Amino acid sequence: MSDSSDRIEALIHAQSILIQDLYAQLYAARPGELEKCKQHLTHMLKYKWELPAGSSESAADAIMRIQPLAIAELERNFAQIQKMIQSMPPLPN
């Protein structure tokens, strides 16, 4: 990998951890809502991913390849968020 590719990979990883931590903090007090959020975002990826008008056929093909990967990554992220919530100390009453 080039330095540029390594930096992009590092940036994506860092942002993923940042988002996971933010979601874990947000949903720690109400973990039941996390599943609703996951379902909503999965629905958005499955049904609301639209191409701009005039997009090429190759762009449509790329989305068809990328969309299942994005959904799998979303599932992986939410599983990690759930683990993070479960490992948090109990909330004070």
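The values are calculated or read from the model by the stated rules, or taken from the named source; none is laboratory data. Computed from a prediction, not measured in an experiment: that's the story for all the values here. Using ideal geometry, Cβ is built from the backbone for each residue, glycine included, and neighbour counts are taken over all protein chains shown. The protein model used for the area step is the full one, side chains on, heavy atoms only, and it has no ligands, DNA or RNA in it. Shrake-Rupley method; radii C 1.70, N 1.55, O 1.52, S 1.80 Å.
If you place +1 on the Cβ of every Lys and Arg, -1 on the Cβ of every Asp and Glu, and leave all else neutral, what size is the dipole of the chain about its Cα centre, to the nearest 20 Debye?
400
Which residue, chosen from Q20, S4, I66, occupies the Cα position most advanced towards the positive end of the dipole of the chain, where the dipole is computed from +1 (Lys, Arg) and -1 (Asp, Glu) charges on Cβ about the Cα centre?
Value: Q20.
May I ask you to list, by number, the DSSP H helices of the chain whose Cα span along the axis is at least 30 Å and whose average Kyte-Doolittle hydropathy reaches 1.6 or more?
Helix filter hits for the chain: none.
With a probe of 1.4 Å, find how much accessible area the chain has per residue, and write the answer as a whole number in Å². Could the numbers behind the result be given before it?
Values: 7180 Å² over 93 residues.
On a per-residue basis, 77 Å².
Quick one: with all protein chains in place, what share of the accessible area of segment 48-93 is carbon or sulfur, to the nearest percent (1.4 Å probe)?
Details: 2100 of 3560 Å².
About 59 percent, which is the carbon plus sulfur part of the accessible surface.
Straight-line reach from K48: which lysines fall under 21 Å, measuring Cα to Cα and dropping same-chain residues less than 8 apart?
By straight Cα distance, K48 reaches K36, K38.
In the set (1) 68; (2) 38; (3) 59, which value of percent of Cα pairs over 18 Å apart was calculated from the structure you see?
Evaluating percent of Cα pairs over 18 Å apart on these atoms matches (3).
Express the Stokes-Einstein translational diffusion coefficient of segment 15-63 in µm² s⁻¹, to the nearest whole number, given a Kirkwood radius over alpha-carbon pairs, 25 °C and a viscosity of 0.890 mPa s.
On the way: Rh = 13.1 Å.
For these conditions, the coefficient is 187 µm²/s.
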